[in-house]
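> A single structure is presented below for examination.
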Amino acid sequence: MINIALDGPAGSGKSTVAKKVAKELDILYLDTGAMYRACALKCLLSGVDVKDTDGVKKIMDGIDVKVEYKDGSQVTLLDGKDVSFDIRKPEISMMASTVSAHRFVREKMAEIQRNIASSMDCILDGREIGSYVLPNANFKYYITADSKVRAERRYKELLERGEKVDFDKLHEEIIQRDYNDSHREFAPLKRVPDAKFIDTSDLTADEVVEIIVNDVRRGKTNV
Ligand code: DC
């Protein structure tokens, strides 16, 4: 079984890299961030503040988050509805970061992720895949880049989708999300010692893909 854990902060290039690795190795790509985004969207639609523990708990009791695959791409379903587009809205990013800090939210999502990972070869991207969700994954990576480079990547991505955003605000938000994600009490963003560290600031996505694919084909990671 191939389980690849790809962790790192917002904008480090995880999803681009994970998609390409999955295609190259013909395995599944599971975007775990999309699941937290779906939880945040449900709070928004229900008028519940993502910081309100009791309110979020009620939401999580009845939530139905599923992922399906259409033509090799992940479709994220919230209560049976395809929300893949809506969860990418910039205002959902910070809400996802906040909602994901609740322990019960993480436990519920991690269980779904572990079930998927135990049944098929896959690459998961997130914040704590190597440290908490799949500590026994056979390939682990931690990728990052300078915060400005990461903000530039997100900026381009959003522009391409037709979203107008202020670059400085986006940069600030990335720094704030880094802080939230790495300082939460339970399962924070963390680089584990057995994960290979890759700084992607000066690397193309294809160069990062090559490193991972070569490791998997050789059957080992040199950390
Ligand atoms: O990767 P992303 O930007 O789509 O993730 C949105 C938020 O979800 C991120 O700021 C933190 C949270 N998240 C998490 O806590 N654990 C994961 N495995 C993935 C995302």
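The values are calculated or read from the model by the stated rules, or taken from the named source; none is laboratory data. Not measured: the values here are computed from a predicted model. For neighbour counting, all protein chains shown are included, and Cβ atoms are generated from backbone atoms with ideal geometry for every residue, glycine included. Areas reflect the complete protein model, heavy atoms only, side chains present, ligands, DNA and RNA absent. Shrake-Rupley method; radii C 1.70, N 1.55, O 1.52, S 1.80 Å.
> Beyond 21 Å between alpha-carbons counts as too far, so tell me which of 19/66; 140/220; 57/190; 89/169; 23/190; 81/190 fall in that bin.
Working: 19/66 18 Å; 140/220 10 Å; 57/190 25 Å; 89/169 15 Å; 23/190 26 Å; 81/190 32 Å.
Long pairs (Cα-Cα over 21 Å): 57/190; 23/190; 81/190.
> Show which aspartates and glutamates lie in cross-link reach of residue 164 when reach means a straight Cα distance below 19 angstrom and same-chain residues fewer than eight apart are skipped.
86, 91, 152, 172, 173
> Take every Cα pair under 8 Å in the chain that's 6+ residues apart, average their separations, divide by the length, and report that relative contact order as a whole percent.
Across the chain, relative contact order equals 33 percent.
> How much accessible surface area, in Å² rounded to 10, belongs to the heavy atoms of residue 158 with a 1.4 Å probe?
10
> Enter the accessible area of residue 131 (Å², nearest 10), with the probe set to 1.4 Å and all protein chains included.
40
> Given charges of +1 on the Cβ of Lys and Arg and -1 on the Cβ of Asp and Glu, with all other atoms neutral, how large is the dipole of the range 123-177 about its Cα centre, in debye to the nearest 20? Before the final figure, lay out each step's value.
On the way: 11 positive and 11 negative charges, 24 e Å.
Rounded to the nearest 20 debye, it is 120 debye.
> Share of Cα-Cα pairs in the range 112-164 beyond 16 Å, in percent?
Details: 777 of 1378 pairs.
I get 56 percent for the Cα pairs in the range 112-164 exceeding 16 Å.
> Another one. Quick one: how many Å² of residue 190 are accessible to a 1.4 Å probe, rounded to 10?
Near enough 100 Å² of accessible area.
> With +1 on each Lys and Arg Cβ and -1 on each Asp and Glu Cβ, how big is the dipole of the chain about its Cα centre, in debye rounded to the nearest 20?
Working: 36 positive and 39 negative charges, 58 e Å.
For the chain, the charge dipole is close to 280 debye.
> Need one number: convex hull volume per residue for the chain, Cα atoms only, in Å³.
On the way: hull volume 26.2 nm³, N = 223.
Convex hull of Cα atoms, per residue: 118 Å³.
> Take the Cβ-Cβ distance between residue 75 and residue 222 as r, set R0 to 45 Å, and report the resulting FRET efficiency rounded to the nearest 0.05. Could you put the intermediate results ahead of the total?
Working: r = 36 Å, r/R0 = 0.79.
That gives a FRET efficiency of 0.80.
> Hey, another quick one. Within the range 60-187, what whole-number % of the accessible surface is contributed by carbon and sulfur, with the 1.4 Å probe and all protein chains included in the calculation? Intermediate values should be presented prior to the final figure.
Numbers: 3120 of 6510 Å².
Here carbon and sulfur together make up 48 percent of the probe-accessible area.
> Shifting gears a bit: FRET efficiency for residue 103 and residue 169, Cβ-Cβ distance as r, R0 = 25 Å, nearest 0.05? Display every interim value, and only then the final one.
On the way: r = 30 Å, r/R0 = 1.19.
After rounding, the FRET efficiency stands at 0.25.
> Just to confirm, what accessible area per residue do you get for the chain at 1.4 Å probe, in whole Å²? Mind showing how you got there, number by number?
Working: 11080 Å² over 223 residues.
Here the per-residue accessible area is 50 Å².
> Here is a further query. Could you tell me what percent of the DSSP beta bridges with both partners in the chain are antiparallel, to the nearest 5?
Numbers: 8 of 25 bridges.
The antiparallel proportion sits near 30 percent.
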